[in-house]
Amino acid sequence: MRLTDEQQAMRDGAGGEILARCLEVIIRYGRAFGAERLVPIRSAHLTGSFRIFFYTAYYEIVRQLVEHGVRVRVPTTLNPRPGYDYRPQNRILFRSQRWHESQLEALGVTPNYSCVCYEYANLPTFGDVLGWAESSAIIFANSVIGARSNRNSIMVDICQAVTGFTPEFGYLLDEHRRGQLLVDLSGIRRMDAQALGHVIGRLAVDRVPVLTHHPFTRAELKNMGAAMASSGSVTMFHVEGLTPEAPDLASAFGGRPPAETVRVEQSDLDALAATRDQIRDAGIIAFGCPQMTLAEAVEIGSRLVGRRLRKPVLFHMIPRAAEELAALPLYQELLATGVEIHTHCPLAALSLRIGFGNKDVLTPSGKLHYYLAGARYASLDEVLRAAGAIDAGDGA
Amino acid sequence: MTEIPIRPIVDGRARGPALVTRQPINFTAAMCKVPNILPSRRAEIRDAHHELFGRNVAGRVLVFPSCIGSTHTGLVLLDLVSYERGPAALVVERCDSLLISGVVLAEVWFGKSIPIVEFEDPAVYARLANDVEVEVDTGSRVLRILDCPVPAA
């Protein structure tokens with residue numbers, strides 16, 4: 001790998017031994033993929049915001065960075081908090097959470113606490129090179145914004161933020177951004193973007209899928225991508241005539257014919273849905289994984305207000321979006337209806353809530369359904385019906 | 001003894017019983033579950049979506065197509081490798097940035113590492129049964145199948 005003079009000096013210890021180690025991590029990481037150089041990043045996004053004692057090695061490394069006064073060199077945002085739940089068992093699990101947050105903030109990180117960093121705090125533009133972690137944010141940045149990030153792990157994200165560099169390979173290069181798999185959506189009668197994301201993740205695994213045209217909303221693209229990056233390791237997708245690097249199919253595939261074509265049927269989406277019994281037995285309804293935007297909260301919230309809720313309904317929102325929602329009359333109406341509005345990570349918070357309350361979760365999130373043990377999936381309409389937002393007679 | 005050619009990604013030599021799956025592994029969903037957080041510090045695959053549910057990966061040569069899912073994977077492997085609680089080696093069809101990250105971090109920060117190698121021939125799945133003793137040797141660029149397991153009674 002060729003290093004610039006600045007990079008070589010950093011490796012030799014000009015910024016201290018700890019920073020040199022961070023650069024060494026990135027060099028070895030890049031070398032494994034045949035990267036020839038390290039390139040500057042415009043921003044970083046970190047996912048390691050939880051203090052959970054499973055990951056002890058990580059906290060030791062962060063401690064060393066803070067002790068040596070290492071700081072981020074590029075704007076850097078941070079994933080959601082795990083939630084504060086003050087029952088005794090959670091006090092033990094999260095007793096060091098605030099300490100860990102202070103450690104990350106000491107590195108100079110923007111305390112936005114959102115996995116949807118690209119809505120407010122960290123706004124890349126087309127072509128920017130990023131050193132992001134968080135699979136749902138990376139797939140959105142690559143696919144919908146046209147910025148360029150590999151799927152970087154926690155701690156590698158910090159190494160990139162403090163050095164300001166990432167190795168050049170994979171999704172930073174044009175040839176790896178082209179479509180490999182054509183996904184024909186013509187068999188779908190009722191679009192359910194999150195179920196589709198789950199199905200495509202399984203089909204594509206680590207390839208770049210190209211979806212035939214459908215006018216997905218920005219929120220659908222966010223949620224669908226997150227699901228693809230859960231059931232698969234999809235890092236970039238294209239939608240014909242919608243996403244920026246796919247004005248048409250030929251461009252999305254870089255002028256080559258697709259290596260494979262698959263047709264998704266309505267039955268593939270329906271197969272993911274919870275049974276009626278599972279829906280009836282669900283004890284909690286959770287929205288927002290990735291966290292809800294203001295637009296999502298207004299859309300879903302408007303359908304819930306004034307209804308008699310059949311189950312506890314939890315919104316997990318981008319903190320800034322929740323502040324904006326709080327300024328609207330809808331906010332008080334939602335609270336009066338009984339909707340709980342949170343700004344933490346639903347996966348972290350619900351893992352505990354389920355563990356000690358033994359309640360099954362029903363969610364229209366393809367990502368939460370994948371990660372949360374015992375969570376059941378249903379389409380947005382089905383979930384709203386289960387919540388009591390749609391009368392049983394309304395085409396049930 | 002059979003030798004299968006492999007491409008070294010992270011150098012090293014390791015042996016152990018094989019644990020084989022044709023299904024990609026989501027390490028975050030698999031490992032970040034209560035049984036693995038308990039003081040016993042197990043490394044069991046606890047992803048209900050995975051066919052190896054309940055199997056412990058510790059000391060195993062893990063043979064699988066690729067890694068999927070969350071970017072927490074690097075931390076999972078960093079801990080498993082740094083504290084020597086994880087697989088003996090990773091044998092994959094397609095290596096991934098997250099697999100590399102955890103192992104590289106363990107190497108640079110804690111001086112601990114495991115070999116990661118890629119294989120090309122999907123016939124590997126058919127030739128390797130669970131519990132067969134295998135050795136990964138990046139120096140000679142081979143995966144050695146050392147013996148067959150004792151048949152189950």
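The values are calculated or read from the model by the stated rules, or taken from the named source; none is laboratory data. Just so it is clear, the structure is predicted and the values come from calculations on it, not from any experiment. Note: ideal-geometry Cβ built from the backbone for every residue, glycine included; neighbour counts use all protein chains shown.
Just to check your reading of the model, which residue among A:Thr261, A:Thr343 is farther than 18 Å from A:Met224 by Cα, in contact with a strand residue (DSSP E or B) (Cβ under 7 Å, 6 or more places away or on another chain) and in the same structural domain as A:Gln194 (by TED's automatic domain parsing)?
Values: A:Thr343 fails: in the same structural domain as A:Gln194 (by TED's automatic domain parsing).
None of the other options fit; the residue is A:Thr261.
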List the helices (runs of 4 or more DSSP H) that sit entirely inside the stretch A:128-213 and contain at least 1 residues that are over 20 Å from A:Asp268 (Cα atoms) and touching a Cys at 6+ places or on another chain (Cβ under 9 Å). A:135-140, A:156-163
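Among the listed residues A:Gly34, A:Gly48, which satisfies the condition of being assigned to a loop (DSSP other than H, G, I, E, B), modelled with pLDDT under 95 and in contact with a strand residue (DSSP E or B) (Cβ under 9 Å, 6 or more places away or on another chain)?
Numbers: A:Gly34 fails: in contact with a strand residue (DSSP E or B) (Cβ under 9 Å, 6 or more places away or on another chain).
Matching residue, one of A:Gly34, A:Gly48: A:Gly48.
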Going through the stretch B:1-43 one residue at a time, which ones are in contact (Cβ under 8 Å) with a residue 60 or more places away in the chain and among the hydrophobic types (A, V, I, L, M, F, W, C)? B:Met1, B:Ile4, B:Ile6, B:Ile9, B:Val10, B:Ala14, B:Ala18, B:Leu19, B:Val20, B:Phe27
Answer with yes or no whether B:Val10 is within 15 Å of the chain's Cα centre (by Cα), within 13 Å of another protein chain (Cβ to nearest Cβ) and not aromatic (Phe, Trp, Tyr). yes
Go through the stretch A:123-150 and give me each residue that's touching an Asp or Glu at 6+ places or on another chain (Cβ under 6 Å) and either under 20 Å from A:Glu105 (Cα atoms) or within 14 Å of another protein chain (Cβ to nearest Cβ) (or both). A:Ala133
Assuming B:Val63 fulfils every condition listed in (1) crowded, with 23+ Cβ neighbours inside 10 Å; (2) within 11 Å of another protein chain (Cβ to nearest Cβ) apart from one, which condition is it? (2)
Is the stretch A:172-194 home to any residue that is within 13 Å of chain B (Cβ to nearest Cβ), closer than 24 Å to A:Ile27 by Cβ and out of contact with any Ser or Thr (no Cβ under 6 Å at 6 or more places or on another chain)? yes
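Working carefully through the options B:Ser70, B:Ser101, find the one that is more than 15 Å from the chain's Cα centre (by Cα), facing chain A (nearest Cβ under 7 Å) and among the small types (Gly, Ala, Ser). Reasoning before the result, please.
Details: B:Ser101 fails: more than 15 Å from the chain's Cα centre (by Cα).
Within the list B:Ser70, B:Ser101, the selection yields B:Ser70.
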Between a residue in the stretch A:366-381 that is within 9 Å of chain B (Cβ to nearest Cβ) and any residue that is hydroxyl-bearing (Ser, Thr, Tyr) and in a loop (DSSP other than H, G, I, E, B), which pairs come within a Cβ distance under 8 Å, given they are 6 or more apart or on different chains? A:Tyr371/B:Ser70
From the list A:Gly283, A:Gly255, which residue is modelled with pLDDT under 95 and in the same structural domain as A:His198 (by TED's automatic domain parsing)? A:Gly255
Going by what's in this entry, would B:Arg85 be described as within 14 Å of chain A (Cβ to nearest Cβ) and touching a residue at least 12 places away in the same chain (Cβ under 8 Å)? yes
What number goes with the only condition from (1) farther than 17 Å from B:Cys32 by Cα; (2) within 13 Å of another protein chain (Cβ to nearest Cβ); (3) charged (D, E, K, R) that A:Arg73 does not pass? (2)
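Pick from B:Gly16, B:Gly86, B:Gly69: which is modelled with pLDDT of 90 or more, surrounded by 16 or more Cβ atoms within 10 Å (Cβ to Cβ) and assigned to a loop (DSSP other than H, G, I, E, B)? Show your work before the answer.
Numbers: B:Gly16 fails: assigned to a loop (DSSP other than H, G, I, E, B); B:Gly69 fails: modelled with pLDDT of 90 or more.
Among B:Gly16, B:Gly86, B:Gly69, only B:Gly86 is modelled with pLDDT of 90 or more, surrounded by 16 or more Cβ atoms within 10 Å (Cβ to Cβ) and assigned to a loop (DSSP other than H, G, I, E, B).
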Just checking, which of B:Val124, B:Val117, B:Val92 is surrounded by fewer than 24 Cβ atoms within 10 Å (Cβ to Cβ), touching a Leu at 6+ places or on another chain (Cβ under 8 Å), more than 10 Å from chain A (Cβ to nearest Cβ) and modelled with pLDDT of 95 or more? B:Val92
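Touching a strand residue (DSSP E or B) at 6+ places or on another chain (Cβ under 8 Å), in a helix (DSSP H, G or I) and crowded, with 22+ Cβ neighbours inside 10 Å: does that describe B:Leu99? Don't jump to the end; show me each part of the working.
Working: touching a strand residue (DSSP E or B) at 6+ places or on another chain (Cβ under 8 Å): yes; in a helix (DSSP H, G or I): yes; crowded, with 22+ Cβ neighbours inside 10 Å: yes.
Yes: the conditions hold for B:Leu99.
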Enumerate the pairs (first residue in the stretch B:44-56 and free of Cβ contacts under 8 Å to residues at least 12 places away in the same chain and part of a loop (DSSP other than H, G, I, E, B); second residue anywhere and of a type in the set (A, V, I, L, M) and buried (at least 18 other Cβ atoms within 10 Å of the Cβ)) with beta-carbon separation below 8 Å, excluding pairs fewer than 6 apart on the same chain, so at least 6 apart or on different chains. B:Phe53/B:Ile45; B:Gly54/B:Ile45
Odd one out for A:Phe315 among (1) at pLDDT 95 or above; (2) surrounded by fewer than 16 Cβ atoms within 10 Å (Cβ to Cβ): (2)
Taking only pairs six or more apart or across chains, which ones have beta-carbon atoms under 6 Å, a first residue in the stretch A:151-168 that is more than 10 Å from chain B (Cβ to nearest Cβ), and a second residue that is of a type in the set (Gly, Ala, Ser)? A:Gln160/A:Ala44; A:Gln160/A:Gly131; A:Ala161/A:Ala44; A:Thr166/A:Gly131; A:Glu168/A:Ala35
